[in-house]
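Enquirer: Have a look at this one.
The values are calculated or read from the model by the stated rules, or taken from the named source; none is laboratory data. Keep in mind that this is a model prediction, so the values were computed, not measured. FYI the Cβ positions are ideal-geometry reconstructions off the backbone, even for glycines, and counts take in every protein chain you see. Areas reflect the complete protein model, heavy atoms only, side chains present, ligands, DNA and RNA absent. Shrake-Rupley method; radii C 1.70, N 1.55, O 1.52, S 1.80 Å.
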Amino acid sequence: MDAGLQSGPALGAQAALYLPTYATPKAHGVWLWCLFPTPCVGVVLNKLDYMAGTTQEESTMEPTGNIKLSTSKANASKEFSVKRFALGTLCVLLAMALGACSEESSPSSPSSPGGRDNPIEWDGEGFLVIFDENGGDTPANPQNKIVLPPETTVDALPEPPTREGHNFLGWNMEADGSGMPFTANTPVSEHLRVYAQWELSSSSGLPQLKVSINPSADILTPIIAGTYSERSTTLGVVVSGFANAAEANNARLSVSVTNGLAFTVESNPSGNTQNFNIVVRYDGETAFPPGVATFSLSLIHIPGYEAETRTTTVNIRDGLAAGERAIPLNEDNILSFNSYARTADGLVRHYRLTGDVNLNTSSTNNWTAIGTSAAPFMGSLNGGGHALYGLRISNSSSHQGLFGYIGEGAVIENLGVTDVNVSAGQYTGGLVGWNSGTVQNCYATGVVSSSSDWSYVGGLVGVNGIAGSRVQNSYATTNVTGRRYTGGLVGHNHGTVEHVYATGLVSATSTLNGGYGSSIAYTSVGGLMGGNNGTLRNSLALNSRVNVSYQNGYRACDSYGNNCNYVSTTECATNEVGRVVGSNTATLLNNAAYSGMLNCSGATLSSSTNANSTQGDNRALSALQVAGGFPEALRTTPWAYQPNHLPGLFGQPVLMPAHIQ
């Protein structure tokens, strides 16, 4: 009770109460305004009516001072009037009336609860803001704030409500927390009801919900091609333990913000259980160095229960580094990889094969070479000791193979391409058309050919193109056909080739016509490589034949362009044909060749014993049946060797071809 009312005599003969004016709700049907220090005017009237012992149509009371209260009731006609009560009597009446205030609700509340379905009724000045405790045990203090123009915000937020077992988080425009937060700086231009937001405390003592997370086994990657995408996955969350279906249906799931990921939460309640599906979408650009993304799942809007926040993860391989971050490839996504790896983003990513892959061999073109001279592949591919079967390319374009052009720093390793059939133009290989990076621990089998008059074609690599490029610890059993630089393993070398061998048939045919004075194709053919301007060492040429023939064209010229004799029939050539290398201008070290290697006429190519020449040292058939017939570099890691076999990779020695068994 206000102290002013307890000091009756101090009010004097004129009982005017100079206190703040309060607006009161309807009592008996009309709005009342009074100069009164308490929000209980409606209760005062009830008490006065009772004391008068009558039901009034209209009652007025005019005590000393000008307090006027009016009310009306239906079906009553008797008038009750109190004129100039003595001050002491008035104070007694007021004291009795105020005693009822503890049993009544605060009349400073609006007459309607507000919200979307219950608009706030407010006839006073300014805008009313109601602070709803939203399930709290105690209300905010004060519960309401009035914003009077020209002010546009509340002067301060009230003291927050309390709720057992919960922490107060703040205010929100919506009860479920889905609206905008409300703060002391939020502009107010209409009547508002805002709602307290809660989270369970760590030891609430409330019933515990059971949360079961079904993580996705999918791996998110940047690969996207057409309708195919590896940028999204779905995981499930099951929440059980609700008392009834209504409570389960009201539960919601919140997912923490995680850079690079977007989330969509779908709910599917079933009885007393709530089932959530969380769709996780990766932007394909953000780096995730650990290979996983961790995010939090929080249950909201579940009053009366305790459910701790859980964390879960999704696997992401961003391809921005080799190793664990490399993008996994398999038979399901290999064609999408072929499309994505040729994009600006895909050309710089790193990949790894997780199993053998079979391509559709019913088509003569089932692959588009990755990388061009204008946009080379700059990432890496680690085959993991697996093989890709059935590569098919048939066109007249340059830079053809599984990879058309790989740039400096790019690496292709630990990979086999088997049963290849590649027929293309200049710079063609079974694995790589042009290599400016590193090719290591790789092999190729099948057929490779080039129809270009200026072809650079090899069973594994067309051109090892710069001083820093490398081809090492690799082999090819492919049959190779070209017209200019043609080699069983590499067409032409400008870098380093080491610890390699080749066994396939190598053939070259020149068909340029036109007589003397026209352009002349310079044909250079070798068991391992057509031409060498770099380094070749510790390697073996084990081919059955190296053929060079001329049809209606020029005989091969010497290195000065001389001795070019026109012929009109097919004949075998011996110029610029080598067991190891067709032509050489640089370094050859410790190389050997099968002594029974033949040319197109069936004659033995050479009986050289010079390991540093284009013909290499002799290796007789008997020597190739034992370890001593192979350079030591082909019998140690990463090679697997056993007698009567050729060295192989990934723990698998290779069966001897028929011509050297």
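Enquirer: Could you tell me what percent of the DSSP beta bridges with both partners in the stretch 291-380 are antiparallel, to the nearest 5?
Expert: Percentage antiparallel, nearest 5: 60.
Enquirer: Could you pull out every residue, at least 5 positions away or on a different chain, whose amide H is within less than 5 Å of the one on ASP356? Hs are placed 1.01 Å off N in the peptide plane, and Pro or chain starts have none.
Expert: ALA387
Enquirer: I've got another one for you. What dipole magnitude, in Debye to the nearest 20, does the stretch 255-348 give about its Cα centre under +1 on Lys/Arg Cβ and -1 on Asp/Glu Cβ?
Expert: 60 debye
Enquirer: While we're on this one: When the chain is fully extended, how far beyond the present Cα-Cα distance does ALA603 get from GLN642, taking 0.36 nm per residue of separation?
Expert: 10.9 nm
Enquirer: If you don't mind, there's one more thing I want to ask. With every protein chain kept in place and ligands, DNA and RNA left out, what is the accessible area per residue of the stretch 567-645? Probe 1.4 Å, answer in Å².
Expert: 44 Å²
Enquirer: If you count only protein heavy atoms with a 1.4 Å probe, what accessible area per residue comes out for the stretch 182-292, rounded to a whole Å²?
Expert: 50 Å²
Enquirer: Students often check this: by mean Cβ neighbours within 10 Å, which of 457-466, 385-394, 131-140 ranks highest, and how do the rest follow?
Expert: Numbers: 457-466: 33.1, 385-394: 19.5, 131-140: 17.9.
Going by the mean number of other Cβ atoms within 10 Å, highest first, we get 457-466, 385-394, 131-140.
Enquirer: So, with +1 on the Cβ of K and R and -1 on the Cβ of D and E, and no other charges, what is the size of the charge dipole of the stretch 145-230 about its Cα centre, to the nearest 20 debye?
Expert: 180 debye
Enquirer: Please list the radius of gyration and Dmax for the stretch 394-474, considering alpha-carbon atoms only, with Å as the unit.
Expert: 11.3, 32
Enquirer: Probe radius 1.4 Å, ligands and nucleic acids ignored: give me the carbon and sulfur share of the accessible area of the stretch 367-498 as a rounded percent. Walk me through the intermediate numbers first.
Expert: Working: 1390 of 3300 Å².
Carbon and sulfur: 42 percent of the exposed surface of the stretch 367-498.
Enquirer: Also: With an 8 Å cut-off on Cα pairs and a minimum separation of 6 or more residues, tell me the relative contact order of the stretch 264-378 in percent.
Expert: Details: 144 pairs, mean separation 20.0, N = 115.
Here the relative contact order equals 17 percent.
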